[in-house]
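Below: the structure, in structure tokens.
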Amino acid sequence: MIKFLKWAAGIIILLGLLFYFVGIPYIKTQTKKKSPQETVLFGDSIDGKNIKLTVVYCKPAKRVGLFLVD
């Protein structure tokens, strides 16, 4: 019984590591296909302290259509 539990725990850990190093990066690349990554930088000085803020987000894709007007 102990031998079975060791094997089961090893397999679960191996699958978890596989998902962490392969599955999550794959999911992230598929998410960014239609929503390109955008970065916004902000800097300010408050009470003599310099504050820098960087925000990285997925910019929604735009559908471009052609409108003909007479």
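The values are calculated or read from the model by the stated rules, or taken from the named source; none is laboratory data. Predicted, not measured: the structure shown is a model, and the values here were computed from it.
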Report task. Give just the number: which of (1) of a type outside the set (Phe, Trp, Tyr); (2) in a strand (DSSP E or B); (3) at pLDDT below 80 does SER35 not satisfy? Result -> (2)
Query raised in the report: If LEU53 passes every condition in (1) modelled with pLDDT of 75 or more; (2) in a loop (DSSP other than H, G, I, E, B) but one, which one does it miss?
Result: (2)
